[in-house]
Amino acid sequence: MKNITQQFNSGFEPYKALLIYKHEKEEEISQFQRNVQETQIYVESYDIGRNGKPINAHPLSVKEMTALHTILQTSQEIQDSYLKSKGLLSNKVLYVNQQANGFAVWYTPPQEVTLFFIDGLQIPSGKFQIPAMLWKANAESLHVYGLKGKAKPHENTKLCHAPYLNIYGSGQVCMGTVQINIGKTSCLEDFMATWERYFFNSNFSHSISGNNSTKTNTTDLWRSLAGSGKPFPQEELLNNQLTLKQIIR
């Protein structure tokens, strides 16, 4: 998570505190049996006064318990829905980590997509053939990699640098001005579709790696492919010394 201390302090105020008491006692239930230990719990509720101090101590009421149960249940439902599939897992899914800041890894085969470039690059936006891709994303960031061939990757598949602009050597995508809005309640299918839409609908604007994402100058490569309809040249993909197994650790 990003540092949200300032946001928390300015947006939330305490209004209720709970104090839980525990009492344990042993009770002999018969002369032939051992003593049994009984634990009793008592919950005391406090309101929070304007000065931030607890006031109005009272036993936790049924109404308060119901409200607390609703809050906890909603929180659990949110946690359970994050990156959970609506049905059968798509064949493109490779790995899913459903923890609080979990991530998903999936791949897409070679396909035709629409790519957008800023005018200054002198690359006409339009339809392009692209290679197979490997995607890794959490709710805040995206990494992409290139794949040779058409086969679904396995854990020892060697990854390549994604042959695009706006991508760091690590594979992380610079999203520029794209407003990322992926909630922690996103199901797996919507999560993947949203990241793919963000990536392909944004404007490629510059090379972060010095146009070294491909064997030849990356900007020149896309300029030569514009409007040609040609398959992406596999020989342009550069190995990045990573495997699928390494990025899911």
Q: Quick one: go through the range 198-220 and flag any residue whose amide nitrogen is under 13 Å from the point 7 Å out along the Cα-to-Cβ line of I118.
A: 203-208
**Q.** Of K25/K53; K127/K184; K92/K158; K150/K230, pairs whose Cα-Cα distance is over 23 Å
**A.** K25/K53; K127/K184
Q) Once you have the alpha carbon radius of gyration of the range 93-248, what is it after dividing by 2.2 N^0.38 Å, with N set to its residue count? A) 1.00
(Q) Output needed: percent of Cα pairs per 10 Å distance bin for the range 113-203, bins running from 0 to the one holding the longest distance. (A) 14, 45, 34, 6, 0
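Compare T218, T194, T66, T114 by solvent-accessible area with a 1.4 Å probe and give them largest first, with all protein chains kept in place. If you can, show how the numbers build up before the last one.
On the way: T218 0, T194 25, T66 80, T114 45 Å².
I get T66, T114, T194, T218, largest accessible area first.
Summarise the accessible area of the range 93-248 (1.4 Å probe, protein heavy atoms) by the percent that is carbon and sulfur.
48 percent
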Q.
Probe radius 1.4 Å, ligands and nucleic acids left out: which of L60, L89 has the largest accessible area, and how do the rest follow?
A. L89, L60
**Q.** Surface per residue (accessible, 1.4 Å probe) for the range 93-248, Å²
**A.** 47 Å²
**Q.** FRET efficiency, 1/(1 + (r/R0)^6) with R0 41 Å, evaluated for L18 and F200 via beta carbons
**A.** 0.25
(Q) Run the paramagnetic zone check for R223: 7 angstrom along Cα to Cβ, then residues of the range 95-127 with backbone nitrogen under 12 Å. (A) 120-124
Q.
For a bin width of 10 Å, list the pair-distance distribution of the range 152-244 built from all Cα-Cα distances, rounded to whole %.
A. 14, 38, 38, 10, 0
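The values are calculated or read from the model by the stated rules, or taken from the named source; none is laboratory data. Just so you know, these numbers come straight off a predicted model, no measurement behind them. Cβ sites come from the backbone with ideal geometry, for glycine too, and all protein chains shown count toward neighbours. What goes into the accessible areas is simple: the full protein's heavy atoms, side chains included, and nothing from ligands, DNA or RNA. Shrake-Rupley method; radii C 1.70, N 1.55, O 1.52, S 1.80 Å.
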